[in-house]
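Reading through the structure tokens given below for one structure.
Values quoted throughout were computed directly from the atomic coordinates according to the rules given, and no laboratory measurement underlies them. None of these values were measured; they are calculated from a predicted model. Because the Cβ atoms are built from the backbone with ideal geometry, glycine has one as well, and the counts that use them run over all protein chains shown.
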Amino acid sequence: MNIRDLVRNKKNFSFHLNEKLDIEAISYDLYSNRGKDLINENIEVVLSGLFCNEEFSNEGYVKSLLLKLKNAIDTKTNTVEQVIVSDVNLKAPFYYSFSLGIEIVMIKTPKIVLKFNRFEESFANEEFYEKLFKDIEKEFDVFLKREKISRFVVDYSFKKPKVYADNNFPVLLNMKKSETNYYQLTDSDNENPVIHLDLFLKGIKLLESNELTFYTEECMIDNIWIKCDVKIVKKDEQGNCLLIAGVVYDISSRNKHKDIEYLYTIYEKAITSGGIGVFYYNLVNHSQEYFDCNIIYKRMLGLEQQENGYYLQSDFTKCLLPLEDEIGDNASILKSLSNIMKGDLEGTNDDILKIKNLQTNEIKYLLSSSKIDLKYEDGTPKRFGGIVIDITDRIVKEKKQIEFAYVDELTRLSNNRKLYKDLKNKKSGIGLFFDLDNFKKINDKNGHLFGDQVLRIYGNSFLEISKKYNNVTSYRLYGDEFFVFAEGLKVDFANTFDKELNEMVTKKVNDLKPGIKVAASMGYSILDDAKDFEEFIKLADYAMYKEKIKGREKNYKR
């Protein structure tokens, strides 16, 4: 009989035991589910089948529970406790949670009732527990060098988030140790010890509210300096926290000795998440063409390891893509790297890189910081390194906001802000200024909704005609004013565009509402004739106004 299959989906069940801990009776739910084979079985066998098998191992808990049962018989003491049993070897991605009750019943001889209430089999986060507690230790030698360091994870798969931590956690935070290694963030229940350290709770709250993605802070506890580094490592589709991971560690030695190697700091940050890349140049042993990095950095950039075990700086350069003007300039990254090599710069802070993975061609945005670790007498570096963090999601959101700020909401054409931005980099071309004739009358007579439809027709027509030509962009300035910039084209293009526009708009408006006459006056200017782009636009505006006056005079003479 597989006891795990028997209790699966059973919230409450119990066993009646004799003094030898043999099962004399079981709850009805188990009995009706073909559990009668458990009668006369020793409870140790049943508990071992439940908590210890080829997938899930927790012999220590089984032994402790047997001791509690024997102690209950000896002392005639009833107990109730909330329990979470997780795999101590972290091989299985699940754990059990339940309320355990031990009740002594006196008949002729003592009998014991072992009750399991609210019994649940839940899935733990295998990705975090295994990666942070095992793979990270193998990946970073510096992690093993620190005697007083604790890893923890805040798991939001519980109804009330719990903190799972190693044995160093309560020591460093000077708090009561939990038997299950789970801790509470609030006093909402009495299942596990509660964390009261403000430094820790403050960081968790900032991450939960998405105010920060990484949090680090230091404080003193009983004359010992403690540092806490925390980072969100997993979110759901709505952006809510699923897992927050981090470390707390004793930095008393570092605070007393300021000359501790900078590389320790780099690796401390890298440990707090599986997503921080680390790179390191050792110019004592190798030229600046070679550098070392962790596997995260390697995968971010798609680098190939060389025969000597290092990576090529030239491959890093190949990854770089030009950054958008509103974000920054990749050229400054290479310049900073060159200045660091010369000893003219101590390091960099929060530089943004746009890279293309050499293996997958995936485009990402990275935040990079670096610092010289050790120098020669002339100031040039012996060793220096840094970290990179993937901030692609943040930059993509910012780009969307920027793009929205440059687009006219009604016509979907670029707006005047985009025009001024684009013209700053232009050297030659012509500008066409358009103003709709009698648009106010059309609006007043037919309503503003119809007026908006006319403006959308103009917007679509401007866009459609612009796409026919190379380097031609249309903009909506204000109200019924539009501008077209044609880079590298000559004056005769202005009349061509004007003719095509009026023909296209006339047809579309007539299809919308026959009998409505629309037209636009146009004036043009040449960028070479203007001292700056603002005058360039004004000259086109003046030319358009002259044409509008001529049109009015013709209509008046008629």
Worksheet item: Stretched out fully, how many nm does the piece from Thr79 to Asn12 gain, at 0.36 nm a residue minus the Cα gap?
Response: 22.5 nm
Worksheet entry | Residue-averaged [θ]222 nm for the chain, counting only DSSP H segments that reach four residues, each worth -39500 (n - 2.57) | -10500 deg cm²/dmol
Response to the item:
Projecting the Cα atoms of Tyr475, Ile457, Gly488 onto the charge dipole of the range 449-497, where Lys and Arg contribute +1 and Asp and Glu -1 at Cβ, the residue farthest towards the positive end is Gly488
Practice prompt. Report, in degrees rounded to the nearest 10, the 0 to 90 angle that the Cα long axis of helix 533-557 makes with the longest principal axis of the chain.
Written response: 50
Practice prompt. Take the alpha carbon gyration tensor of the range 276-396, find the square roots of its eigenvalues, order them as a ≥ b ≥ c, and report rounded if a/c is under 1.5; if not, report prolate when a/b exceeds b/c, else oblate.
Written response: oblate
Fill in: Of Lys148/Lys371; Lys298/Lys418; Lys424/Lys445, pairs whose Cα-Cα distance is over 31 Å
Lys298/Lys418; Lys424/Lys445
Worksheet item: Exposure proxy check: Lys546, Lys111, Lys531 ranked by fewest other beta carbons within 10 Å?
Response: Lys531, Lys546, Lys111
Worksheet entry | Cα long-axis angle, helix 492-512 against the chain (0 to 90 degrees, to the nearest 10) | 70
Practice prompt. Give me Asp422, Asp222 ranked fewest to most by other Cβ atoms within 10 Å of their Cβ, as a rough exposure proxy.
Written response: Asp222, Asp422
Worksheet item: Toward the positive end of the charge dipole of the range 276-396, about the Cα centre and with charges on Cβ (Lys, Arg +1; Asp, Glu -1), which of Tyr365, Met341, Cys293 goes farthest?
Response: Cys293
Response to the item:
Neighbour-count ranking for Cys52, Cys219 (other C-beta within 10 angstrom, fewest to most) reads Cys219, Cys52
Item to complete: Specify whether the C-alpha gyration tensor of the range 3-123 places it in the rounded, prolate or oblate class, a ≥ b ≥ c being the square roots of the eigenvalues: rounded for a/c under 1.5, otherwise prolate if a/b is larger than b/c and oblate if not.
Response: prolate
Practice prompt. Could you give the size of the charge dipole of the chain about its Cα centre, using +1 on the Cβ of each K and R and -1 on the Cβ of each D and E, expressed in debye and rounded to the nearest 20?
Written response: 1840
Worksheet item: Using Cα atoms only, what is the angle between the long axis of helix 198-208 and the major principal axis of the chain, expressed in degrees (0 to 90) to the nearest 10?
Response: 50
Discussion item. Given points 7 Å out from each Cα along the Cα-Cβ axis, report the Gln453 to Lys546 separation in nanometres with one decimal.
Written reply: 3.8
Worksheet item: Order of 239-252, 285-298 by packing, highest average Cβ count within 10 Å first?
Response: 239-252, 285-298
Item to complete: Specify which labelled value, from [x] 31.0; [y] 41.4; [z] 27.9, agrees with mean projected area of the Cα convex hull in nm² derived from the coordinates of the model shown.
Response: [y]
Worksheet entry | Between the range 464-520 and the range 348-403, the alpha-carbon center distance in angstrom | 44
Item to complete: Report the FRET efficiency, 1/(1 + (r/R0)^6), for Arg34 and Glu237, where r is their Cβ-Cβ distance and R0 is 30 Å, rounded to 0.05.
Response: 0.15
Worksheet item: Do you know the relative contact order of the chain, to the nearest whole percent, from alpha carbon pairs under 8 angstrom that are 6+ apart?
Response: 7
